[in-house]
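Quick one: the structure is below, questions incoming.
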Amino acid sequence: MLTSRRLKAELFLDRTVRFLVMLIPVISLFGIHIILFKKGNIWIVTLPYVYCGVLAAATLAIFIIKRHIHVEFGRAFWYVMFFMLMMAYAFLSLLWAMHLSESFNVLIYQFCGIAAAVFITATIRSFHDLTVFLRILTACYVIIIIFGVFEIYTGYFFFKPSELAYSLKDSYGFNFPYTVFYNTNDNASFVMMFAPFAVFTVIDWVKGWRGKLLGIFLGILVFFTLICSRARNCFVTIICFMTILLLVCLIKKNIRKYVKTVALIFATMPLAIVAVKLTAFKNGSVMSKINTINGADHSISQRLEITIGGLRMAKVYHFMGVGVGNSVPLMPYFSKLQPINLHDMPLQILVEYGIIIFALYLLMTVFLARDFVKLRLLSEKWRFFALICFLTLLAFQVVGLQSSDAMHIPALWMLFGIWFSAVKLFYQDGGTDSAALFQYKP
């Protein structure tokens with residue numbers, strides 16, 4: 001009788017955790033604006049913090065009921081362990097934090113993001129699970145795209161963005177979209193990075209010509225949003241992404257069936273430009289935005305100054321890391337700028353976490369990319385998805401320059417959850433490639 005109750009409790013908790021994990025896209029994107037407790041501008045408890053705690057408590061309860069701990073990450077085990085090591089250093093670095101409350105706040109953002117990636121990886125156990133997760137994420141993505149287009153035309157913002165949102169306009173007279181993000185560059189980074197997954201999911205979900213039409217329409221909205229966002233980095237990156245994707249589909253026989261679909265999505269870019277020109281409040285040019293990528297542009301020159309200041313900072317601290325969150329208050333000592341974040345995820349890892357963690361991050365990226373490339377025994381659909389994962393992994397290293405602070409945005413950490421889950425599933429029958437986080441039996 002006791003065993004039966006224990007099994008029922010275990011099954012209930014397992015289903016609860018899986019349900020909560022599937023809702024991570026909703027919580028990460030929209031829940032961040034639900035503030036449960038606030039003290040000043042630093043100690044802010046939002047719904048994702050509590051949600052992460054509930055997930056951890058439910059998981060711990062499962063371990064207690066089972067009387068042993070076993071978390072299966074498969075081939076993604078070492079990638080997850082890298083983030084565990086990264087967080088261990090982050091907590092240790094609080095000992096020399098210049099502003100403890102601010103550094104702790106940054107650490108919690110990163111911790112929640114990494115926790116989301118780890119929970120996604122551990123919970124997604126089948127391609128069906130991955131499909132369900134992608135569909136929920138895509139539904140959230142579509143809502144954000146619609147919000148963005150509405151904000152572009154009206155200047156009415158659903159959430160509370162930066163004060164700049166109410167005064168800045170692009171060269172077309174449009175407002176910049178912020179949607180659920182504080183900074184328009186963060187919104188553009190999210191739109192670009194998750195666009196391939198969203199379009200893939202829409203076409204696979206609806207299927208047939210209806211799915212392709214919806215994919216094309218979504219592609220138009222994506223390009224439209226990036227053009228109106230003045231997100232030059234993201235705009236150029238997604239063009240390169242689509243070009244490479246199309247070329248690989250042409251070369252690889254096992255995914256050649258996707259050539260027409262990719263070509264159709266690529267063709268949405270000029271359609272988006274036409275939509276911008278026809279509905280613009282004043283004349284503007286896409287090429288004028290691209291041409292501003294030079295040293296004379298304020299944004300470019302400032303980011304160059306930030307990069308140089310960050311490298312100086314890393315050198316003075318012997319590349320051992322200044323500590324999580326410390327790069328912001330240290331910036332005035334190494335540049336002509338006021339306290340500002342590094343606007344570059346790889347650089348932030350190098351400066352705040354040091355050369356060892358940075359080297360491990362590079363190794364993780366290289367090996368993760370290799371895992372996506374060397375796949376052999378998969379269906380055409382999942383081979384194509386693996387290619388998307390590979391290209392988005394590379395694109396993220398570039399788009400990380402567009403975001404104001406990629407490590408501070410919990411939603412972007414879902415990318416790692418998708419990549420790790422994909423690798424775990426692709427190699428789940430690999431035998432020696434499987435590994436558990438840890439196992440313990442009393």
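The values are calculated or read from the model by the stated rules, or taken from the named source; none is laboratory data. Because the structure is a prediction, the values reported are computed rather than measured. Here the Cβ is made from the backbone with ideal geometry for all residues, glycine too, and neighbour counts use every protein chain on show.
If you take the residues of the stretch 149-183 that are of a type in the set (A, V, I, L, M, F, W, C) and over 25 Å from the mean Cα position of the chain (by Cα), which of them is surrounded by the most Cβ atoms within 10 Å (Cβ to Cβ)?
My answer is F174.
Restricting attention to the stretch 368-390, which residues are over 19 Å from the mean Cα position of the chain (by Cα) and not acidic (D, E)?
Correct list: R370, V373, K374, L375, R376, L377, L378, S379, K381, W382, R383, F384.
Still on this model: Checking R370 against (1) more than 30 Å from R67 (Cα to Cα); (2) at pLDDT 90 or above; (3) buried (at least 20 other Cβ atoms within 10 Å of the Cβ), which test does it fail?
Looking at each condition in turn, R370 falls short on (3).
Against the condition buried (at least 16 other Cβ atoms within 10 Å of the Cβ), touching a Pro at 6+ places or on another chain (Cβ under 8 Å), under 30 Å from P346 (Cβ atoms) and touching a residue at least 40 places away in the same chain (Cβ under 8 Å), how does I27 come out, does it pass?
Taking the combined requirement at face value, the residue does not satisfy it.
Is there a residue in the stretch 104-126 that is surrounded by fewer than 20 Cβ atoms within 10 Å (Cβ to Cβ) and at pLDDT 90 or above?
Yes, some residue in the stretch 104-126 is surrounded by fewer than 20 Cβ atoms within 10 Å (Cβ to Cβ) and at pLDDT 90 or above.
A further question on this structure: Which residue, of M98, M87, is at pLDDT 90 or above and of a type outside the set (F, W, Y)?
From the options M98, M87, the qualifying one is M87.
Oh, and also: When the residues of the stretch 275-299 are filtered to those that are modelled with pLDDT of 70 or more and surrounded by 12 or more Cβ atoms within 10 Å (Cβ to Cβ), which remaining residue is farthest from I239 (Cα to Cα)?
First pass over the stretch 275-299, keeping only residues modelled with pLDDT of 70 or more: 275-283.
Next cut, surrounded by 12 or more Cβ atoms within 10 Å (Cβ to Cβ) only: 275-277, 279-281.
Details: A275: 18, V276: 17, K277: 19, T279: 23, A280: 22, F281: 25 Å.
My answer is F281.
Consider F19 carefully, then state whether it is over 30 Å from I355 (Cβ atoms), in contact with a strand residue (DSSP E or B) (Cβ under 6 Å, 6 or more places away or on another chain) and free of Cβ contacts under 8 Å to residues at least 12 places away in the same chain.
Spelling it out, it is not the case that F19 is over 30 Å from I355 (Cβ atoms), in contact with a strand residue (DSSP E or B) (Cβ under 6 Å, 6 or more places away or on another chain) and free of Cβ contacts under 8 Å to residues at least 12 places away in the same chain.
OK, next. Could you please find all residues in the stretch 82-121 being more than 22 Å from G31 (Cα to Cα) and within 19 Å of the chain's Cα centre (by Cα)?
Across the stretch 82-121, the qualifying residues are F82, F83, M84, M86, M87.
Quick one: what pairs do we get from the stretch 46-62, first residue in contact (Cβ under 8 Å) with a residue 60 or more places away in the chain and under 12 Å from Y109 (Cα atoms), second among the hydrophobic types (A, V, I, L, M, F, W, C) and part of a helix (DSSP H, G or I), C-beta under 6 Å, 6+ apart or different chains?
Between residues of the stretch 46-62 that are in contact (Cβ under 8 Å) with a residue 60 or more places away in the chain and under 12 Å from Y109 (Cα atoms) and residues that are among the hydrophobic types (A, V, I, L, M, F, W, C) and part of a helix (DSSP H, G or I), the close pairs are P48/I27; P48/I32; P48/C112; C52/C112; C52/A115.
Within the stretch 367-376, can you find the residues that are β-branched (V, I, T) and within 18 Å of L85 (Cα to Cα)?
none
Here are the criteria: (1) within 17 Å of K160 (Cβ to Cβ); (2) within 25 Å of the chain's Cα centre (by Cα). Tell me which single one Y51 does not satisfy.
Every condition holds for Y51 apart from (1).
Check whether at least one residue in the stretch 314-337 is part of a loop (DSSP other than H, G, I, E, B), surrounded by fewer than 18 Cβ atoms within 10 Å (Cβ to Cβ) and polar (S, T, N, Q), and report yes or no.
No - not one qualifying residue is present in the stretch 314-337.
Sticking with this structure for a sec: Which one is modelled with the highest pLDDT, of the residues in the stretch 226-274 that are of a type in the set (K, R) and surrounded by 15 or more Cβ atoms within 10 Å (Cβ to Cβ)?
Among those that are of a type in the set (K, R) and surrounded by 15 or more Cβ atoms within 10 Å (Cβ to Cβ), it is K252.
For the subset of the stretch 390-406 comprising residues that are assigned to a helix (DSSP H, G or I) and buried (at least 24 other Cβ atoms within 10 Å of the Cβ), which member is modelled with the lowest pLDDT?
We begin by selecting, within the stretch 390-406, every residue assigned to a helix (DSSP H, G or I); these are 390-399, 406.
Now restrict to residues that are buried (at least 24 other Cβ atoms within 10 Å of the Cβ): 399, 406.
Numbers: V399: 82, A406: 72.
Ranking the qualifying residues of the stretch 390-406, first place goes to A406.
Among the numbered criteria (1) surrounded by fewer than 15 Cβ atoms within 10 Å (Cβ to Cβ); (2) over 24 Å from M407 (Cβ atoms); (3) among the small types (G, A, S), which one does G74 miss?
The failed condition is (1).
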